[in-house]
1. Report every pair of residues separated by at least 6 positions or lying on different chains whose Cβ atoms are under 8 Å apart, first residue within segment 255-270 and more than 16 Å from VAL243 (Cα to Cα), second open to solvent by less than 90 Å² (accessible area, probe 1.4 Å).
2. Can you name the number of the only condition in (1) open to solvent by 70 Å² or more (accessible area, probe 1.4 Å); (2) at pLDDT 80 or above; (3) out of contact with any helix residue (DSSP H, G or I) (no Cβ under 7 Å at 6 or more places or on another chain) that LEU61 fails?
3. Under the condition of being charged (D, E, K, R) and under 22 Å from the mean Cα position of the chain (by Cα), which residue from segment 18-45 is surrounded by the fewest Cβ atoms within 10 Å (Cβ to Cβ)?
4. Looking at segment 183-216, which of the residues that are among the aromatic types (Phe, Trp, Tyr) and either closer than 13 Å to ILE230 by Cβ or not in a loop (DSSP other than H, G, I, E, B) (or both) is modelled with the highest pLDDT?
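The values are calculated or read from the model by the stated rules, or taken from the named source; none is laboratory data. Since the model is a prediction, treat every value here as computed from it, not as a measurement. With ideal geometry, Cβ positions are generated from the backbone for all residues, glycine too; neighbour counts draw on all protein chains shown. Note: areas computed on protein heavy atoms with side chains; ligands, DNA, RNA excluded. Shrake-Rupley method; radii C 1.70, N 1.55, O 1.52, S 1.80 Å.
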Amino acid sequence: MTILPVIIFILVFVPSIVLIVSMPYLTKETISFGVTVSAVQFHSEPMRQMRKSYARISAILHTILFIVGILCLLYSDEHSRQISWVIISYALAILVISLVINFRYHLKMKSVLPMLPAAPESSIMEPGLRKGNVGLPSHWFLIHAVIIVVNIVTVLRNYDLIPDQLPVHFNGSWTVDRYIDKSYSIVFIPTIMQVLGILLFIYEYWRMRRGKQQVREDLTYRRAWSNFMITASFLFVILLSVVQLNMTSLLNINFVIPVVLSIIAFIILYAYTLTYWAGQRESR
């Protein structure tokens, strides 16, 4: 029975599931499933029912998938590659399910939009405001890709420095009592998580940047959160790179822990600050 991987699995993926399920309730009143709407349309009964339907279906599917992932971890062999493949498969499944559900409701939103109440005059786009492509350009994500590639090369060149046995289980005193054999599939789990995470950041960045700007406050909102997407994804890549380089003994654990905690704290504080300053909706 693998306790530590299960604990990490829960701490990492439960907040992700909650965020995914509640996403329609966290977006701006002028955006619904990637489609531009008015505040009146956003609060209409068909839209309320659609958000409830999304949350219900998403919660059921992700809960079932989460339970399957936990069971697979509990019954996996700690001295094989099963743990890494369970985590990788689960992360890929989350990505696929989320994209499929969002795309389905995006198409449904487009078909329902003509039947919703007409947008009031105040919600029409103000003169002089740009349509789409607001925010930092997407080529900033190339920096993330360069870091990932450099990290891969560094790990491959120093693969022999990685211990033959990697810890996977700790006792009640947090002392390592079980190990797993070193393998490429284990060592490159952080790289796979980097790629999957960046794909999610790019998807949300693209949705935000391509939306129609309706009011001047929207420009501030979209610029602020597009900056957050790029900055947070960059720090996300750095965080996992630090963890991965620690495996090769290139970085000491006493350096890694403060860096990891500082990055996580900064991202959280950054998000809370933007929520207060730029808001989640134009009314903040």
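1. From segment 255-270, the pairs are PHE266/LEU235; ILE267/ALA232; ILE267/LEU235; ILE267/PHE236; TYR270/PHE228; TYR270/THR231; TYR270/ALA232.
2. Single failed check for LEU61: (3).
3. Going through the qualifying residues, I end up with GLU29.
4. PHE201
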